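Below: one structure, written as structure tokens.
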Amino acid sequence: MNVPQDTCLVYLVHFQKPLAHAQHYIGKSNNIDRRVLEHRNGRGSRLLRVVSARGIDWDVVRTWEFSTSAEAGKFERQLKKKCKSARRICPVCKDEFYKREYELRKIRKAQRESLCFGEVHRAE
Ligand SMILES: [Zn+2]
């Protein structure tokens, strides 16, 4: 692969099971394969080491590519600040997140309709 030296990836790791209330890890690297291997070997990040130690499987589920490390770092900081919404950007959680939203909307709609029906019924 002919990747320029400066190319830097920001990556999102999703844990199969949440650890406390954390289920994601965001990091950056110019060599994602090597970095993942380090994580798998318990090096590089304390959080992932703990996650692995608990027998929780994890995967890199999304990456963003940047031409400089500085740009990647800026993006990484932005993501970390908004970490509460990591579910929205995670392809694994996103489905669950929006499925739940959809179910909730359906329930609310049904409640509204039954309410309307009740009013109509009373009016008769
Ligand atoms: Zn996720």
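Quick one: if the Förster radius is 35 Å, what FRET efficiency do residue 109 and residue 61 give, using the C-beta to C-beta distance and rounding to 0.05? Between residue 109 and residue 61 the formula returns 0.65.
Karplus-based coupling profile of the stretch 14-22, in residue order and whole Hz: 10, 8, 4, 10, x, 10, 6, 10, 8, with θ = phi - 60° in 6.51 cos²θ - 1.76 cosθ + 1.60 and x standing for Gly or Pro. In percent, rounded to a whole number, the relative contact order of the stretch 1-89 is 39, using alpha-carbon pairs under 8 Å and six or more apart.
Bear in mind that the values in this text are calculations on the coordinates, not laboratory data. Predicted model, so just to flag it, every value in this text is computed and none were measured. A quick note on method: Cβ atoms are made from the backbone with ideal geometry, for glycine too, and the neighbour counts reach across all protein chains shown.
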